[in-house]
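Visitor: Sharing a structure, written as structure tokens. Questions coming.
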Amino acid sequence: MSSCLDACRCHDCYGCCPDWEVFNVVKEKRNLISSIVAGALFSIGWWIVIDAACQYPDQENFHHACHTCGVISTIALFMINSVSNSLIRGENYTDGCIGSTGARIWLFTGFVLGFAALIAASWILFGVYVVPGKAIVWPGVAIFLQNFFIFMGSMVFKFGRTEDNWG
């Protein structure tokens, strides 16, 4: 899935754009770039919710139980990215108790936790802050943005890397 666009070539554009070497450098540094982008998204997500927690430290405006969604989303990030694509395809790992089936179940559970945290963050935003008509909605927006950025960082880290250089 991560290399589905690698075979696409535009041969007619080589004469009009002399800087095609930039794309070769990006392709060589794909793991580095995707790791930096994923880490930046993860950090931005947590930084947003830390900002909201500092602005509204009381329980009336920002209930501390809302941090559970971010913790679950972080656990999902680790679960999704701890399984390589070769384990999912069954090419690399055949020994163990449940083999590639266990890796697929682990990955599926990670995706379920990530989506559940994002849906719960949406519910907190609308069910706790928007629909009741509270004057302060930033904590709900911060919880949603935190989980959205962590989820997007998880997707970039999972599907942005290549496993060609892995041993």
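The values are calculated or read from the model by the stated rules, or taken from the named source; none is laboratory data. Since the structure is predicted, the reported quantities are computational estimates derived from the model, not experimental observations. Cβ atoms come from the backbone with ideal geometry, glycine included; neighbour counts cover every protein chain shown.
Visitor: Taking the stretch 135-167, which residues are touching a residue at least 40 places away in the same chain (Cβ under 8 Å) and not in a helix (DSSP H, G or I)?
Guide: Ile136, Gly160, Arg161, Thr162, Glu163, Asn165, Trp166
Visitor: Follow-up question, since we're still on this one. Suppose we filter the stretch 56-87 for residues that are assigned to a helix (DSSP H, G or I) and either surrounded by fewer than 17 Cβ atoms within 10 Å (Cβ to Cβ) or small (Gly, Ala, Ser) (or both); how many remain?
Guide: So the count comes out to 11.
Visitor: Follow-up. Which members of the stretch 34-53 meet the condition of being among the β-branched types (Val, Ile, Thr) and out of contact with any helix residue (DSSP H, G or I) (no Cβ under 6 Å at 6 or more places or on another chain)? So that I can check it myself, show each step before the final result.
Guide: The first filter runs over the stretch 34-53 and keeps only residues among the β-branched types (Val, Ile, Thr), leaving 36-37, 44, 48-50.
Result: Ile36, Ile50.
Visitor: Which of the residues spanning the stretch 62-117 are out of contact with any helix residue (DSSP H, G or I) (no Cβ under 9 Å at 6 or more places or on another chain) and at pLDDT 90 or above?
Guide: Ala65, Ile105, Phe108
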